[in-house]
1. Among (1) farther than 23 Å from residue 16 by Cβ; (2) of a type outside the set (Val, Ile, Thr); (3) in a helix (DSSP H, G or I); (4) over 18 Å from the mean Cα position of the chain (by Cα), where does residue 161 come up short?
2. It is to be established whether one or more residues within the stretch 165-179 are aliphatic (A, V, I, L, M) and in a loop (DSSP other than H, G, I, E, B).
3. What residue, of 77, 83, 71, is of a type in the set (A, V, I, L, M), in contact with a strand residue (DSSP E or B) (Cβ under 6 Å, 6 or more places away or on another chain) and without any contact (Cβ under 8 Å) to a residue 60 or more places away in the chain?
4. Every residue in the stretch 68-82 that is acidic (Asp, Glu) and within 14 Å of the ligand (Cβ to nearest atom), please.
5. Do any residues in the stretch 246-264 that are under 10 Å from residue 43 (Cα atoms) and at pLDDT below 95 have Cβ atoms under 7 Å from those of residues that are of a type outside the set (D, E, K, R) and assigned to a helix (DSSP H, G or I), where the two are at least six apart or on different chains, and which pairs are they?
6. I need a count of the residues in the stretch 114-166 that are touching a residue at least 40 places away in the same chain (Cβ under 8 Å) and of a type outside the set (Asp, Glu).
7. Please tell me if residue 29 is more than 15 Å from the ligand (Cβ to nearest atom), under 15 Å from the mean Cα position of the chain (by Cα) and either of a type outside the set (Phe, Trp, Tyr) or buried (at least 24 other Cβ atoms within 10 Å of the Cβ) (or both).
8. If residue 80 meets every condition in (1) within 17 Å of the chain's Cα centre (by Cα); (2) among the β-branched types (Val, Ile, Thr); (3) closer than 25 Å to residue 157 by Cα apart from one, which number is that one?
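The values are calculated or read from the model by the stated rules, or taken from the named source; none is laboratory data. Not measured: the values here are computed from a predicted model. Don't worry about glycine lacking a Cβ; one is built from the backbone with ideal geometry, like all the others, and counts go over all protein chains shown.
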Amino acid sequence: MYTQLEQRGMAEPPVNVSTLRTMKEKGEPIACLTAYDASYAALVDAARTDLVLVGDSLGMVIQGHDTTVPVTVDDIVYHTRAVARGLRHAFLVADMPFMSYTNAGQALDNAVRLMQEGGAMMIKLEGGKGQIEIVEHLARHDIPVCAHVGLKPQSVHKIGGFKVQGREPDKAKEMVGTAKRLQDAGADIVLLECVPNEVGQATTKKLDVPVIGIGAGPHVDGQILVLYDILDITQGRTPRFVRNFQKEHDSPLAALQAYVLAVKNREYPAAEHCFS
Ligand code: KIV
């Protein structure tokens, strides 16, 4: 019975939480992307992406909202179920949307939905000091957790826009400390969004768990980007950390393979994608 996870017709076993930890220990960059449906998930998987996130960014790139705030648990369950059908190799993480984890009990109920109904292997929540107890509660129930710190898009109306976080030394120190507390509470991965390179580096050094960055510089353990941004589907202005991988390639699969290679070779992110 214990062989099932390794029987998806692949030569190698699929990525799991230990694989990601070993990659950090060995210094092998972890290539991650978002996906929202089975067809793109299959392409992202074929490109040998290590981790796929069904992000609440789907509220913006799929549903056309200006923020991630309107996304519901039902939306994430629906898209996670579709993505799960497209994956054979990558580790599947699903986002807990806005107000779906206001207390430990609600968080556990919704995390269970994402795993049982959606097929997620880990849930992600936007975390600060206020979420430590929630992470502890989830970890106590063996729910794998990715804690998202730095720029937290679900707080956009509180912050007053999508802005780089942790530029002031005291804020940077506090952020690294919060990431450590989330790890100690049981988080298995920390995702760091939109912070100066130094904050990415300090967090990565401080933590034992993998640190995945989006706009967090080159010193983190892995990179993640929104699929539609790198395939040049997103219209209008994209954030500084985005690189268009479709430009030099004639198929989406070739563009995705180029992204994975650029992450593995540490060619992405370059200086122009980083914050100081
Ligand atoms: O929702 C999402 O796609 C995310 C990424 C920005 C990492 O959280």
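1. Only one criterion is unmet by residue 161, namely (3).
2. Taking every residue of the stretch 165-179 in turn, none turns out to be aliphatic (A, V, I, L, M) and in a loop (DSSP other than H, G, I, E, B).
3. 83
4. If the condition is that a residue be acidic (Asp, Glu) and within 14 Å of the ligand (Cβ to nearest atom), then 75 is the only one that fits.
5. Partner pairs satisfying both residue conditions: none exist.
6. Keep residues of the stretch 114-166 that are touching a residue at least 40 places away in the same chain (Cβ under 8 Å), which gives 114, 117-118, 120-122, 124, 127-129, 131-133, 135-136, 138-140, 144-154, 156-157, 162, 164.
From the residues that got through so far, the ones that are of a type outside the set (Asp, Glu) too are 114, 118, 120-122, 124, 127-129, 131-132, 135, 138-140, 144-154, 156-157, 162, 164.
Of the residues in the stretch 114-166, 30 are touching a residue at least 40 places away in the same chain (Cβ under 8 Å) and of a type outside the set (Asp, Glu).
7. yes
8. Going through the list (1) within 17 Å of the chain's Cα centre (by Cα); (2) among the β-branched types (Val, Ile, Thr); (3) closer than 25 Å to residue 157 by Cα, residue 80 breaks only (3).
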